[in-house]
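I have placed the structure first, in the form of structure tokens, so that the comments after it can refer back to it.
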Amino acid sequence: MSKKSLFIKTYGCQMNVYDSARMADVLSPLGYRLVESADQADMVVLNTCHIREKATEKVFSELGRLRPLKDRPEGAILAVAGCVAQAEGEEILARAPFVDIVVGPQAYHRLPQLVAEATRAAGGVLDTEFPIDAKFDLLPEPTEAQAVSAFLTIQEGCDKFCSFCVVPYTRGAEFSRPVAAVVAEAERLVALGARELTLLGQNVNAYHGDGPDGVVWGLGQLLRRLAEVPGLHRLRYTTSHPGDVDEALIAAHREVPQVMPFLHLPVQSGSDRLLKAMNRRHTADDYRRLVDRLRAARPDLALSSDFIVGYPGESDADHQASLTLIREIGFAQAYSFKYSARPGTPAALEANRVPDAVADQRLQEVQALLLEQMRAFNRATVGTTQRVLFEKPGRHPGQIVGRTPYLQAVHVEAPLSRLGREADVWIDAVATHSLAGRLCQQDPETEAAA
Ligand code: 5AD
Ligand code: SF4
């Protein structure tokens with residue numbers, strides 16, 4: 001079998017990062033090996049994101065840049081995967097007829113077949129069908145060495161239908177993988193070198209997978225089971241909906257040491273009027289009370305969130321309510337986005353748009369406040385000891401980089417033999433995007449081995 005090169009460009013969320021790795025796995029038996037650039041690649045896959053208009057437009061401009069690859073004598077195969085493929089498959093083939101394959105997120109296991117068809121057919125082939133349960137059964141398991149921190153998709157799709165969001169349309173209805181499949185994949189990832197797993201799902205805490213005991217398990221129970229996997233030091237999960245945080249999940253935060261005290265819990269807005277319009281099914285006070293319960297269970301818990309500014313009809317009072325909520329909760333980190341009307345979503349039909357200039361101004365205010373909170377959170381770690389899981393060599397020789405429970409990068413002078421292990425680190429400085437520290441105590445065994 002001849003060796004061929006494959007370049008995958010990933011946009012958007014961590015689910016796409018996970019899917020890109022699975023696509024590489026499924027194409028590997030055909031002789032495809034991953035390379036770092038599109039220039040010489042025999043096949044290029046764009047794994048796309050449809051969440052906001054900007055993300056979608058990037059795909060079409062990238063396709064324009066890639067077009068010359070088709071003019072080479074042997075012509076590369078060009079594939080568009082991900083949520084833009086799912087939502088706008090026909091439009092891609094119309095706007096960029098040189099594309100060979102358009103494949104939706106539920107059809108990746110059929111990529112080898114699509115590659116064969118594309119090499120035979122003139123014109124692009126399209127596969128955006130939706131048999132979601134087949135995807136996980138048919139995709140190969142990871143076989144490559146894993147990063148210290150790896151992703152594991154346990155749930156896909158969403159039934160919440162927030163009014164602004166395309167996910168229920170591009171990723172479809174909620175589907176949870178069975179517990180046994182998740183545990184088997186976790187064990188495999190750990191055997192391949194992972195020490196931290198981030199469980200992924202568009203609405204991950206709606207997880208309801210078939211348990212080995214014949215009953216349905218929630219995320220709390222799954223986390224407890226995964227914590228028993230030997231060699232697995234840390235567990236995280238993302239992204240959650242506040243309405244699906246149940247008592248069992250809070251208890252897992254309280255009782256399972258592997259579950260990290262850092263939670264991405266999007267709230268979107270601090271205004272009840274807007275939360276209602278967004279069909280979020282919770283109020284700002286529901287969110288406050290939930291955070292109180294989580295913090296009572298795990299006092300060192302820190303939070304991250306998502307905010308949308310400029311949702312149709314957002315008044316200045318609504319905007320102030322978001323700023324108030326942010327001040328009250330205090331986030332370690334958060335993302336904020338200007339509302340982007342997505343075709344096919346209910347919010348896109350609303351007439352009372354917020355003028356762009358007003359939305360820009362509000363976005364700046366929200367981002368400035370969130371940045372201030374993030375800086376304060378990072379500064380507060382200086383002079384404390386943090387448990388750090390070392391992930392990779394640093395840029396300077398003799399330095400390695402790890403992460404605190406709060407995902408802050410920490411640079412430390414230490415031998416490479418520390419990679420994949422945790423240690424206590426005394427934090428002595430903070431830079432814009434990372435912390436610097438020193439190992440609290442020497443570990444005689446590792447130092448001797450190094
Ligand atoms: N416009 C702006 N932001 C959006 N998000 C989802 N849909 C939109 C949209 N139409 C944001 C939400 C979500 C995050 C992943 O992206 O904040 O939590
Ligand atoms: Fe989209 Fe998240 Fe709402 Fe589901 S819960 S519709 S993924 S914003």
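The values are calculated or read from the model by the stated rules, or taken from the named source; none is laboratory data. All values reported here derive from a predicted model rather than from experimental measurement. Every residue, glycine as well, gets a Cβ built from its backbone with ideal geometry; the counts of neighbours run over all protein chains shown. What goes into the accessible areas is simple: the full protein's heavy atoms, side chains included, and nothing from ligands, DNA or RNA. Shrake-Rupley method; radii C 1.70, N 1.55, O 1.52, S 1.80 Å.
Structure summary
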{"item": "Across the chain: Cys residues that no other cysteine approaches within a C-beta distance under 4.7 Å", "result": "13, 49, 83, 158, 440"}
{"item": "Per residue Cα convex hull volume in Å³ - calculated over the chain", "result": "159 Å³"}
{"item": "Selected from 427, 151, 7, residue furthest toward positive end of dipole (the chain; charges at beta carbon)", "result": "427"}
{"item": "Rg/Rh ratio calculated on Cα atoms of the range 4-132 (Kirkwood radius)", "result": "0.92"}
{"item": "Highest-MSF residue in the chain out of 421, 95, 387 [GNM, Cα springs under 10 Å]", "result": "95"}
{"item": "The range 134-379 - charge dipole about Cα centre, Lys and Arg +1 at Cβ, Asp and Glu -1, debye rounded to 20", "result": "340 debye"}
{"item": "Reference-scaled alpha-carbon Rg (2.2 N^0.38 Å with N residues) for the range 64-126", "result": "1.05"}
{"item": "Within a Gaussian network of the chain (alpha carbon springs, distance under 10 Å), most fluctuating of 431, 341, 423", "result": "431"}
{"item": "Anchor residue 135: aspartates and glutamates whose Cα lies under 16 Å away (excluding residues fewer than 8 positions away in-chain)", "result": "19, 25, 127, 156, 174, 185"}
{"item": "Theoretical ellipticity at 222 nm over the chain - DSSP helices of four or more residues, -39500 (n - 2.57) apiece, nearest 500", "result": "-10500 deg cm²/dmol"}
{"item": "Highest-MSF residue in the chain out of 351, 332, 87 [GNM, Cα springs under 10 Å]", "result": "351"}
{"item": "Per residue value of the accessible surface for the chain (all protein chains in place, 1.4 Å probe), Å²", "result": "43 Å²"}
{"item": "Sparsely packed GluC sites (Glu not before Pro) within the range 65-130, loop by DSSP, other Cβ within 10 Å at most 13", "result": "74, 129"}
{"item": "Sulfur and carbon atoms: percent of accessible area, the chain [1.4 Å]", "result": "53 percent"}
{"item": "Mean separation of Cα contacts under 8 Å (6+ apart) over length of the range 4-132, as relative contact order %", "result": "23 percent"}
{"item": "For residue 434, distant residues with modelled amide H under 5 Å away", "result": "none"}
{"item": "The range 336-450: radius of gyration and largest Cα-Cα distance (Dmax), Å", "result": "21.0, 69"}
{"item": "For the range 288-324 and the range 67-122, distance of Cα centres in Å", "result": "41 Å"}
{"item": "Reachable lysines, given that their alpha-carbon falls under 25 Å from the alpha-carbon of residue 392 and they are not under 8 places away in the same chain", "result": "9"}
{"item": "Only Lys, Arg (+1) and Asp, Glu (-1) charged, at Cβ; the chain dipole about Cα centre in debye", "result": "580 debye"}
{"item": "Antiparallel bridges, percent of DSSP beta bridges restricted to the range 134-379 (to nearest 5)", "result": "15 percent"}
{"item": "Alpha carbon convex hull of the range 134-379, projected area averaged over orientations, nm²", "result": "14.0 nm²"}
